[in-house]
Amino acid sequence: MTISTNLPVYSPISINFSYGKGAYLYDNDDKHYVDFHSGIAVSNLGHAHPRLVNTLKTQGEKLWHISNTYNIPTANNFAENLVQNSFADTVFFANSGSEAVECGLKIARAYQNGTGKKNRHRILTFHGAFHGRTFLTCAANDKHKFSELLNPYIDWCDNVEPSIESVKKAISNNIGVILIEPIQGQGGIKVMEDTFMQELRNLCDENDILLFFDCVQCGAGRTGKLFAYEHVGVKPDICALAKGIGGGFPLGVCLATEKAAQYMAVGMHGSTFGGNPLATSVGNAVLNELLSPQFLENVETRGKYLKDKLKILANEFPVIEEVRGRGLMLGIKVKTDNQKFAEELSYRGLLTVGVTSDNVVRILPPLIVTEKEIDEGVEILKQYLS
Ligand code: PMP
């Protein structure tokens, strides 16, 4: 047996990056790559952003870790900032997207049990969904992502087509929470219809079911709003954030309203690293940068600029079947193997995300990308298609 020293659960493209700056990554030979990947929507402020580097250095010299058995001022400040700028009344700090989703599912369970609806222990999720890799979040994912070698999964989820008819059919007395990505990322940059999201909200209100948005990928400014659901004008009861909110520092956040979280109490959840001074000082710096004047407007403008350019390419090259997405969360559906497509682009100096369902290549530049960098990336794509 010759198992690799890294557990063989990934199949990495063989490029070794040694450093990054803004929207560029550099390999060992100093060749530069235009980063339209952002570590799968993580490096939202690009690489080596001066404000983040400075925050990390300053905090790193003061204090890395203290336990939640004491107050953590950086976590308190960050929580306050998130609450002031979202629907939420309270937040929990975790270390990844999956953990943020897990926390929200616990909040929902506690709410339904606490309000006496003990039969409402099931979770409604959607075809194409991706919520993580823990056993429970795996069970919430699109069914075809299951590996039979991991059976049995936790049987707490019902997975349906994202349409209001299917949801109406599925909400038996047992559903306590509806978990949905406003824009599916891994599922193929699928933007949920505005009316569907609004109808979901109404249905949840009428039936006292909690609405839980997974904004792990579409949050943190990616779509030109802090949270993707702001485009639609509906608010969730619970929301998960991760990826971009840490800008590369492992950080997950679960946000909730007071009503949803009212039954959570000491010992019902926790995390040794959650709220860590390094993570929460960096997270707060990311949030402040996202909230700085014109930042989100620029994301929207750059997103439109890039999407228009991609549409022009789609007209010229029929291998691109469709251009999808909002802000800088974009995808092209291709008529060829998407993973191979993204790999070839990587070798040519453009990084995109090929590991995506529905034969889509995700295009997720850092939110600080300039028009010039977009032009450069699009030119590499054009050369490849020509
Ligand atoms: N939810 C969504 C929407 C995601 O895209 C991901 C990661 N791709 C997760 C949850 C899981 O996040 P993590 O890998 O940090 O656990």
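On the basis of the beta-carbon distance and an R0 of 51 Å, E322 and S271 show a calculated FRET efficiency of 0.80. Packing order of peptides 299-308, 55-64, 335-344, 35-44, highest average first: 35-44, 299-308, 335-344, 55-64 (average count of other Cβ atoms within 10 Å over each peptide's residues).
When the listed pairs K311/K382; K225/K304; K190/K311; K106/K169; K190/K335; K307/K333 are checked against a 19 Å cut-off, the alpha-carbon distance exceeds it for K106/K169. Taking every alpha-carbon pair under 8 Å whose residues sit at least 6 apart, region 20-61 reaches a relative contact order of 40 percent. The residue among L345, L210, H127 whose Cα reaches farthest toward the positive pole of the charge dipole of the chain, with charges on the beta-carbon of Lys, Arg, Asp and Glu, is L210.
With contacts taken as Cα pairs under 8 Å and at least 6 residues apart, the chain reaches a relative contact order of 23 percent. Rounded to the nearest 0.05, what FRET efficiency do W64 and N288 give with R0 = 25 Å and r taken as the Cβ-Cβ distance? Could you check? E between W64 and N288, to the nearest 0.05, is 0.75. Across the options N77, V53, P12, the greatest Cα extent toward the positive end of the charge dipole of region 1-79 (unit charges at beta carbon of Lys, Arg, Asp, Glu) belongs to N77. What is the distance in Å between the Cα centres of region 142-161 and region 56-96? Rounded to whole Å, the Cα centres lie 34 Å apart.
Here the dipole of the chain is about 400 debye; that uses its Cα centre as origin and unit charges on the Cβ of Lys and Arg (positive) and Asp and Glu (negative). Using R0 = 30 Å, the C-beta based FRET efficiency linking K382 and K340 works out to 0.95. Summary of the geometry: region 173-192 and region 240-289, compared by the centres of their Cα atoms, lie 21 Å apart.
Between L149 and N71, the simple label model (points 7 Å from Cα in the Cβ direction) yields a spacing of 5.0 nm. Charge tally for T90 (other residues, Cβ to Cβ under 14 Å; Lys, Arg +1; Asp, Glu -1): -2.
Rule-based calculations on the coordinates, nothing more; no lab input. Treat the numbers as computed from the prediction; the structure is a model and nothing was measured. Every residue, glycine as well, gets a Cβ built from its backbone with ideal geometry; the counts of neighbours run over all protein chains shown.
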